[in-house]
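A.B. asks: Can you keep this structure in mind? I'll have questions shortly.
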Protein chains: 4
Amino acid sequence: MDVESVKRYFKLEDGSEIESLVNELPPRFLEPLTISGIRVDLIEPGRVVCTMKIPPRLLNSYNSLHGGATATLVDLLGSAAIYAAGAPSVGVSVEINVTYLDAAYADEEIEIDSRTLRVGKAVAAVTVEFRKKKTGKVFAIGRHTKYLAITSKL
Amino acid sequence: MDVESVKRYFKLEDGSEIESLVNELPPRFLEPLTISGIRVDLIEPGRVVCTMKIPPRLLNSYNSLHGGATATLVDLLGSAAIYAAGAPSVGVSVEINVTYLDAAYADEEIEIDSRTLRVGKAVAAVTVEFRKKKTGKVFAIGRHTKYLAITSKL
Amino acid sequence: MDVESVKRYFKLEDGSEIESLVNELPPRFLEPLTISGIRVDLIEPGRVVCTMKIPPRLLNSYNSLHGGATATLVDLLGSAAIYAAGAPSVGVSVEINVTYLDAAYADEEIEIDSRTLRVGKAVAAVTVEFRKKKTGKVFAIGRHTKYLAITSKL
Amino acid sequence: MDVESVKRYFKLEDGSEIESLVNELPPRFLEPLTISGIRVDLIEPGRVVCTMKIPPRLLNSYNSLHGGATATLVDLLGSAAIYAAGAPSVGVSVEINVTYLDAAYADEEIEIDSRTLRVGKAVAAVTVEFRKKKTGKVFAIGRHTKYLAITSKL
């Protein structure tokens, strides 16, 4: 095994068209990339429910929702639920975990249900459930712990 | 709190320029977005070490590396280490977790050290350490568990 | 700091009465220690709900339920829910995680709700919620992933 | 499936000898149960390395080290490393996770290596590696996040 084969594994070709495209993207692009097109269905204190049709741009090489996209959604929608709980700050991430239960494919409609488990003065925790809209089946579940009192140092 | 305020929290404006840009992206774009520009420094059996200068596109609203980007790198580079261990398949994700220890900012050079803990017939596990190149300080650490025998169902 | 101060931190005194008591315990004692006195309230396919009054033996030095006891209960009751889903084997643990949200004290009545998220041929996952009986408040939450096909090696 | 079969699964027999034994145990017994007989080999700032011969009392029904015992050791020895880093308080647990890589059997000598990843004013994180003494092979790995500023509320 050599560096070239791992580069090929990553499909990283210097000077490719996709590399040029990536290099021209604006700052803080991961967030709009992940949630553009999402629909906010329900907001309650400490809870946000969204619907999204899995877009081709978020697929992995198996053509199912990328595990990194799921984790990014846990981060973003976990923070949204903390915001919906009325916290003055959404803080900084301490820990994120995701368990993957099944694949979800392009154009499948999914529901993302994010609920705070605790919003204290210093620490907040959220659970985020990913369900297939058609069957209600949970295909991924994550948890997000944040430290809220960011004026004092972590 | 209402749906509009959460939409504003997400900075989601329908019909914006960034929305048009996102909608035109090719499939499976998350992967090149995350690792374009990464440099593979070392490959050993079961270990891959990479260097990357944090690109503005992967920042969050605090202008530090997005927690979702870190999780996506745990996914991708964890899989690379399993590949480097000689596994015939890199399998599907069962669990990913990340603990965030410190912020890393735009243009900082970071080192990502991915080592397999186990590569069995069915289950593989990897630890992925994110260090600041200048100081060697670990600023995030993750673990990735994969199920390898994907011909039989998960 | 020296070895003696860490030993004192652990309150490990050689030749103490408690050491003698520990040394005389029968094999596989952690399980009865943890769940003796628990009451099984509800069993459904893939779900087990139990009640327990926190016993003094499971407290930590703050006199609240020990984090290790919570993790052990995630392990045991997660396995019980997999058993209640009709799985022929409860398999071996791949990953356990617990987020601690609040303290629970001696003699508090708690409810432990364990539900399978997936029971496949090879991998099962369970979520385990710990609630205070009086208020319904979640004070800890865990997830347990197991590999079921233990005849072939992990 | 009924309550009785799950009770049998747990080997919970009311009025059994083991139940009497459990009921007579002193408070805070989980800690000495878990670490009695452990040997502290090395203490450095932010690091504690221990050796232990797996005692029969900590086995599961497969006669290997109980996953709950491993998690309890992550809790206890993670706290010890924070103490060894000179933190004035070892705080309260926010999150514990453990990935299980292999079984370890009765009387096997194991080494538990606990290192702080960060000890800040408010949050500390530790990684805990379990190795077989004979081969050096990692058979479990955990992470422990604690909130240190416990005078103000979590």
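A.B. asks: Go through segment A:24-46 and give me each residue that's closer than 14 Å to A:ILE110 by Cβ and assigned to a helix (DSSP H, G or I).
C.D. replies: A:THR34, A:ILE35, listed by residue number.
A.B. asks: Now for a different question. Name, by its number, the condition in (1) in a helix (DSSP H, G or I); (2) farther than 21 Å from B:PHE29 by Cα that does not hold for A:VAL49.
C.D. replies: (1)
A.B. asks: Let me ask something additional. For residues that are in contact (Cβ under 8 Å) with a residue 60 or more places away in the chain and among the acidic types (Asp, Glu), scanning just segment A:106-122, find the one that is farthest from C:TYR100 (Cα to Cα).
C.D. replies: Applying the filter and picking the extreme gives A:GLU111.
A.B. asks: Among what's in segment D:1-23 and is in a loop (DSSP other than H, G, I, E, B) and modelled with pLDDT under 70, pick the residue that is surrounded by the fewest Cβ atoms within 10 Å (Cβ to Cβ). Explain how you work it out, then say what you get.
C.D. replies: Within segment D:1-23, the subset in a loop (DSSP other than H, G, I, E, B) is D:1-2, D:10-16.
The next check asks that each one be modelled with pLDDT under 70; those that pass are D:1-2, D:10-15.
On the way: D:MET1: 14, D:ASP2: 9, D:PHE10: 21, D:LYS11: 13, D:LEU12: 19, D:GLU13: 12, D:ASP14: 8, D:GLY15: 6.
Going through the qualifying residues, I end up with D:GLY15.
A.B. asks: Which of the residues that make up segment C:52-72 are without any contact (Cβ under 8 Å) to a residue 24 or more places away in the chain and either in a strand (DSSP E or B) or open to solvent by 60 Å² or more (accessible area, probe 1.4 Å) (or both)? So that I can check it myself, show each step before the final result.
C.D. replies: Within segment C:52-72, the first condition is being without any contact (Cβ under 8 Å) to a residue 24 or more places away in the chain, and the residues that meet it are C:60-61, C:66, C:68.
The one that is without any contact (Cβ under 8 Å) to a residue 24 or more places away in the chain and either in a strand (DSSP E or B) or open to solvent by 60 Å² or more (accessible area, probe 1.4 Å) (or both): C:SER61.
A.B. asks: In segment C:42-51, what residues are surrounded by 21 or more Cβ atoms within 10 Å (Cβ to Cβ) and either under 13 Å from the mean Cα position of the chain (by Cα) or of a type in the set (Asp, Glu) (or both)?
C.D. replies: Listed by number, the list holds a single entry, C:CYS50.
A.B. asks: Now for a different question. Is segment B:56-76 home to any residue that is more than 7 Å from chain A (Cβ to nearest Cβ), touching a strand residue (DSSP E or B) at 6+ places or on another chain (Cβ under 6 Å) and farther than 26 Å from D:ALA124 by Cα?
C.D. replies: Within segment B:56-76, not a single residue is more than 7 Å from chain A (Cβ to nearest Cβ), touching a strand residue (DSSP E or B) at 6+ places or on another chain (Cβ under 6 Å) and farther than 26 Å from D:ALA124 by Cα.
A.B. asks: Looking at (1) within 19 Å of C:VAL98 (Cα to Cα); (2) touching a residue at least 24 places away in the same chain (Cβ under 8 Å), which one does D:ALA125 not meet, given that it meets all the others?
C.D. replies: Only one criterion in (1) within 19 Å of C:VAL98 (Cα to Cα); (2) touching a residue at least 24 places away in the same chain (Cβ under 8 Å) is unmet by D:ALA125, namely (2).
A.B. asks: Which condition does D:THR135 not pass, out of (1) farther than 25 Å from A:LYS121 by Cβ; (2) in contact (Cβ under 8 Å) with a residue 12 or more places away in the chain, if it passes all the others?
C.D. replies: With (1) farther than 25 Å from A:LYS121 by Cβ; (2) in contact (Cβ under 8 Å) with a residue 12 or more places away in the chain applied to D:THR135, the lone miss is (2).
A.B. asks: Being touching a His at 6+ places or on another chain (Cβ under 7 Å), of a type in the set (A, V, I, L, M) and closer than 15 Å to B:ILE112 by Cα is the filter here, so list the residues in segment B:51-87 that pass it. It would help to see each step written out before you state the result.
C.D. replies: Pass one, segment B:51-87, residues touching a His at 6+ places or on another chain (Cβ under 7 Å): B:58-60, B:74-75, B:78.
Subset that is of a type in the set (A, V, I, L, M): B:58-59, B:74.
Scanning segment B:51-87 gives a single hit, B:VAL74.
The values are calculated or read from the model by the stated rules, or taken from the named source; none is laboratory data. Everything quoted here is computed from the prediction, not taken from an experiment. So basically every Cβ, Gly included, is an ideal-geometry build from the backbone, and we count neighbours across all protein chains shown. Note: areas computed on protein heavy atoms with side chains; ligands, DNA, RNA excluded. Shrake-Rupley method; radii C 1.70, N 1.55, O 1.52, S 1.80 Å.
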